[in-house]
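Chemist: Take a look at the following structure, please.
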Amino acid sequence: MSSPQRTRIPLPASGIDLRVSIGSIHLKNPIIAASGTFGYGIEFAEIVDLNRLGGIVVKGLSAQPMAGAPPPRMIETPRGMINAIGLQNIGVRAFVAEKLPQLRKFDTAIIANVFGHTTEEYLEVIRVLEDTDGVAAYELNISCPNVERGGAEFGTNPALAAELVSAARKASKGPLWVKLSPTVGFIGVMAKIAETEGADAVVIANTYPSLCLDAHTKKSRLGSTTGGLSGAGIKPITVRLVHEAGRVIKLPIIGLGGIESPSDVAEYMVAGASAVQVGTAHFVDPRASERLVGGLEEWCRDENLIEINGIRGSLKA
């Protein structure tokens, strides 16, 4: 594992300083493409200037390839969508052989989203990635059921979360981000566990468990019954979670949920986030992340702001 982002990035020609740091990782701007909404990154290379982005979190990687959930997998909701993709992916070894060599050509931080159904499965993915170059950090998706503990979700069980993050920290030489479940009223506890067990940052938050029914057929509109809610409708809730977590931890926070405009990015940073991830917006506009970089520069000019970091954690309560 290597991290070319450790060298401080020069100020862009625009004169607007969008540079941010997530621990030891320096990003040219706070815009990161979120896992599961941007493929492996390569698929977007012909329509998006990947070099403009602060980072890319690739599609979740498991120890073995996964076929995912039965269709239908996605459904639109008011101000958002519900997905039940089922973490379909090619597996970490195919990613290292087929996708990562192409991603190394781009000047942007590549973050590997890691998941499993047992602690050992998570660690196997990390071990494979540790033996290669080109990954700047790991994003630990702890919103998965632990099949060895009766299906209890890592992300909502403090003991399981602590055990997993601790094991991942020991297995990884590089930066470790923990992607938290959006457990309202509980986020501070889980964020503190991630910090205590050695995480370098937390990502807040994953999608919200949801159910969308067809009242006529009395069946779910999704093939796997429940799914994850994302999109603009969840932003106010998740901004609150970022603020709550920031009051109890010192780790950098990456905000995720409903970001569509430069002012959305700014809201998350005012609440305490160091950077953001853009997800569902890519389904409306594949170039959403790239457009947000330029839009954020314009927003800073309009606000007479030279350095974006100046607004981080500036909420007036």
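Laboratory data are not the source of any read-out in this text; all were calculated from the coordinates shown. Bear in mind the structure is a predicted one, so any value in this text is a computation, not a measurement. Quick reminder, even Gly has a Cβ in these numbers, built from the backbone with ideal geometry, and neighbours come from all protein chains shown.
Chemist: Which members of the range 175-195 meet the condition of being out of contact with any strand residue (DSSP E or B) (no Cβ under 9 Å at 6 or more places or on another chain) and either outside any loop (DSSP other than H, G, I, E, B) or in contact (Cβ under 8 Å) with a residue 60 or more places away in the chain (or both)?
Modeler: Gly188, Val189, Lys192
Chemist: Okay, next question. Of (1) out of contact with any helix residue (DSSP H, G or I) (no Cβ under 8 Å at 6 or more places or on another chain); (2) closer than 26 Å to Val284 by Cβ, Ile90 satisfies all except one. Which?
Modeler: Here Ile90 clears every test but (1).
Chemist: Please find, among Ile9, Ile56, Ile85, Ile90, the residue that is surrounded by 14 or more Cβ atoms within 10 Å (Cβ to Cβ), free of Cβ contacts under 8 Å to residues at least 60 places away in the same chain and touching a His at 6+ places or on another chain (Cβ under 8 Å). Before the answer, list the steps.
Modeler: Numbers: Ile56 fails: touching a His at 6+ places or on another chain (Cβ under 8 Å); Ile85 fails: touching a His at 6+ places or on another chain (Cβ under 8 Å); Ile90 fails: touching a His at 6+ places or on another chain (Cβ under 8 Å).
Residue meeting the stated conditions: Ile9.
Chemist: Looking at (1) part of a loop (DSSP other than H, G, I, E, B); (2) farther than 24 Å from Glu121 by Cα; (3) hydroxyl-bearing (Ser, Thr, Tyr), can you tell me which one Ser21 breaks?
Modeler: The failed condition is (1).
Chemist: Only one of these is more than 28 Å from Met81 (Cβ to Cβ), buried (at least 19 other Cβ atoms within 10 Å of the Cβ), within 20 Å of the chain's Cα centre (by Cα) and polar (S, T, N, Q): Ser181, Ser172. Name it.
Modeler: Criteria check complete, one pass: Ser172.
Chemist: What do you reckon, is Gly60 out of contact with any helix residue (DSSP H, G or I) (no Cβ under 8 Å at 6 or more places or on another chain) and over 27 Å from Asp302 (Cβ atoms)? Break it down stepwise before answering.
Modeler: Working: out of contact with any helix residue (DSSP H, G or I) (no Cβ under 8 Å at 6 or more places or on another chain): yes; over 27 Å from Asp302 (Cβ atoms): yes.
Judged against the criteria, Gly60 is a match.
Chemist: Taking the range 115-170 as the region of interest, how many residues are among the hydrophobic types (A, V, I, L, M, F, W, C) and outside any helix (DSSP H, G or I)?
Modeler: Here is the first cut: in the range 115-170, the residues among the hydrophobic types (A, V, I, L, M, F, W, C) are 115, 123, 125-126, 128-129, 135-137, 140, 142, 144, 147, 152, 154, 159-162, 164-165, 167-168.
Retained after the next criterion (residues that are outside any helix (DSSP H, G or I)): 115, 135-137, 140, 142, 144, 152.
Selection size over the range 115-170: 8.
Chemist: Those residues that are aliphatic (A, V, I, L, M) and touching a residue at least 24 places away in the same chain (Cβ under 8 Å), I need them from the range 143-164; list them, please.
Modeler: Just the residues of the range 143-164 that are aliphatic (A, V, I, L, M), to begin with: 147, 152, 159-162, 164.
Within the range 143-164, Val147, Ala161, Ala162, Leu164 meet the criteria.
Chemist: For the range 290-303: of the residues being more than 28 Å from Arg247 (Cα to Cα) and more than 25 Å from the chain's Cα centre (by Cα), which is surrounded by the most Cβ atoms within 10 Å (Cβ to Cβ)?
Modeler: Arg301
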